[in-house]
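Asks: If you scroll down you'll find the structure; I have some questions about it.
The values are calculated or read from the model by the stated rules, or taken from the named source; none is laboratory data. What you see is a predicted model; the values in this text were computed from it and never measured. Neighbour counts are summed over all protein chains in view; Cβ atoms, including those assigned to glycine, are modelled from backbone coordinates with ideal geometry. Keep in mind that these areas ignore ligands, DNA and RNA; they rest on the heavy atoms of the full protein, side chains included. Shrake-Rupley method; radii C 1.70, N 1.55, O 1.52, S 1.80 Å.
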Amino acid sequence: MGKIILTGDRPTGRLHLGHYVGSLRRRVELQNSGEYEKIFIMIADAQALTDNFENPEKVRQNIVEVALDYLSCGLDPAKSNLLIQSQIPELTELTFYYMNLVTVSRLQRNPTVKSEIQLRNFETSIPVGFFTYPISQASDITAFKATTVPVGDDQLPMIEQTREIVRKFNSIYAEVLVEPDALLPDNAACMRLPGTDGKQKMSKSLGNCIYLADSADEVKKKVMAMYTDPLHIQVSDPGHVEGNTVFTYLDAFSRPEHFERYLPDYAGLDELKAHYERGGLGDVKIKKFLNNVLQEELEPIRKRRAEYEKDIPAVYEILRKGTEKAREAAAETLSEVKAAMKIDYFKDSALIAEQVEKYKNS
Ligand code: TRP
């Protein structure tokens with residue numbers, strides 16, 4: 001059987017560079033590798049509602065933002081199905097049946113759920129919908145029989161939970177579901193890109209993001225204001241590379257050809273780092289370099305976005321078609337699931353005969 005990709009994002013805001021290096025850029029590479037039989041990219045609006053149920057307008061507005069971000073990065077609707085989670089009721093139905101296979105204590109031990117509960121101060125009043133979203137995510141993944149889930153490492157507990165559900169389902173009922181593997185970014189800087197302020201994570205609420213849709217000016221402003229090394233005061237001072245946001249971003253984005261184009265005096269990133277650590281290399285110079293690198297990466301994305309922005313109805317049409325196709329795939333899995341669970345009464349012709357037999361001599 002061919003390899004199948006499913007992954008997605010919650011539509012709670014525009015996508016930023018953290019999303020890009022954590023998963024988006026990889027998705028486009030995988031899409032263009034031709035190695036995957038099917039690719040499903042999900043806008044997880046139902047999941048977004050599990051902690052934004054009081055704010056449906058936010059979710060609604062961000063559907064098209066995320067779709068534009070996807071398309072502008074190079075996801076191609078001819079090769080990748082873009083879909084909206086809530087429009088596939090089969091996913092909800094699967095979730096309900098998977099709930100039987102998961103204990104409350106197992107959900108409580110899920111590290112992602114645990115940290116999100118803390119982050120949102122839910123503690124004693126956790127909405128049931130939020131608490132069970134890992135089960136819904138397992139439905140997202142298994143409905144499409146995904147073999148491969150490209151995600152950041154914060155999603156690993158979700159994949160593990162999915163694998164457990166698959167194993168349990170297959171051992172109780174029948175070998176219907178496929179155990180997926182996570183596909184993580186191949187470089188540590190991409191795994192968790194810090195915010196421009198040096199804080200651990202890019203997050204809209206912290207205001208430390210560079211968005212894919214930011215203008216060239218906005219990107220430059222954010223780069224020039226980036227957190228570096230607070231101990232590196234004079235250019236001549238020796239500087240620290242570790243924990244220095246500009247260098248972390250260069251780890252994630254710079255390639256040898258960038259040095260040839262913008263900093264030909266340096267053979268590569270290691271040499272630049274060594275100079276910074278020795279002293280004599282100013283922050284402005286490394287920031288200008290990072291700005292060049294980022295602009296080069298973001299320019300084609302911005303251009304493609306501008307094209308798609310001119311025809312918003314076409315973007316919705318892409319989503320509608322992608323969702324329709326995805327729904328067919330999910331419906332097929334659901335019908336296998338129901339047959340395995342013996343709840344396919346009206347499709348099971350042997351059932352009536354069996355009952356006739358049972359009542360024959362009574
Ligand atoms: N939980 C993911 C996030 O917060 C979004 C998501 C929903 C997802 N369903 C998924 C990711 C299925 C991978 C597979 O970003």
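Asks: Please tell me if Lys145 is more than 10 Å from the ligand (Cβ to nearest atom), part of a loop (DSSP other than H, G, I, E, B) and among the basic types (Lys, Arg).
Replies: Values: more than 10 Å from the ligand (Cβ to nearest atom): yes; part of a loop (DSSP other than H, G, I, E, B): yes; among the basic types (Lys, Arg): yes.
In short, yes.
Asks: If you don't mind, there's one more thing I want to ask. Restricting the search to the stretch 261-283, which residues are part of a helix (DSSP H, G or I) and not acidic (Asp, Glu)?
Replies: Of everything in the stretch 261-283, those that are part of a helix (DSSP H, G or I) and not acidic (Asp, Glu) turn out to be Arg261, Tyr262, Leu269, Leu272, Lys273, Ala274, His275, Tyr276, Arg278.
Asks: Checking Val64 against (1) in contact (Cβ under 8 Å) with a residue 60 or more places away in the chain; (2) within 30 Å of Thr248 (Cβ to Cβ); (3) in contact with a helix residue (DSSP H, G or I) (Cβ under 9 Å, 6 or more places away or on another chain), which single condition isn't satisfied?
Replies: Of everything listed in (1) in contact (Cβ under 8 Å) with a residue 60 or more places away in the chain; (2) within 30 Å of Thr248 (Cβ to Cβ); (3) in contact with a helix residue (DSSP H, G or I) (Cβ under 9 Å, 6 or more places away or on another chain), Val64 misses just condition (2).
Asks: Looking at the stretch 302-312, can you tell me whether even one residue there is hydrophobic (A, V, I, L, M, F, W, C) and either over 31 Å from the mean Cα position of the chain (by Cα) or open to solvent by less than 40 Å² (accessible area, probe 1.4 Å) (or both)?
Replies: no
Asks: Also: Can you name the condition, by its number, that Asn32 falls short on among (1) near the ligand (Cβ under 9 Å from one of its atoms); (2) of a type in the set (S, T, N, Q); (3) out of contact with any Leu (no Cβ under 9 Å at 6 or more places or on another chain)?
Replies: Status for Asn32: all satisfied but (1).
Asks: Between a first residue in the stretch 1-15 that is under 14 Å from Tyr70 (Cα atoms) and open to solvent by 10 Å² or more (accessible area, probe 1.4 Å) and a second residue that is more than 12 Å from the ligand (Cβ to nearest atom) and among the hydroxyl-bearing types (Ser, Thr, Tyr), which pairs have beta carbons less than 6 Å apart while being 6 or more apart in sequence or on different chains?
Replies: Arg14/Tyr211
Asks: Could you list all residues from the stretch 76-108 that are out of contact with any Gly (no Cβ under 9 Å at 6 or more places or on another chain), over 27 Å from Ala174 (Cα atoms) and buried (at least 22 other Cβ atoms within 10 Å of the Cβ)?
Replies: Scanning the stretch 76-108 gives no hits.
Asks: Same structure again: Looking at Arg27, Arg106, can you tell me which residue is basic (Lys, Arg) and within 14 Å of the ligand (Cβ to nearest atom)?
Replies: Arg27
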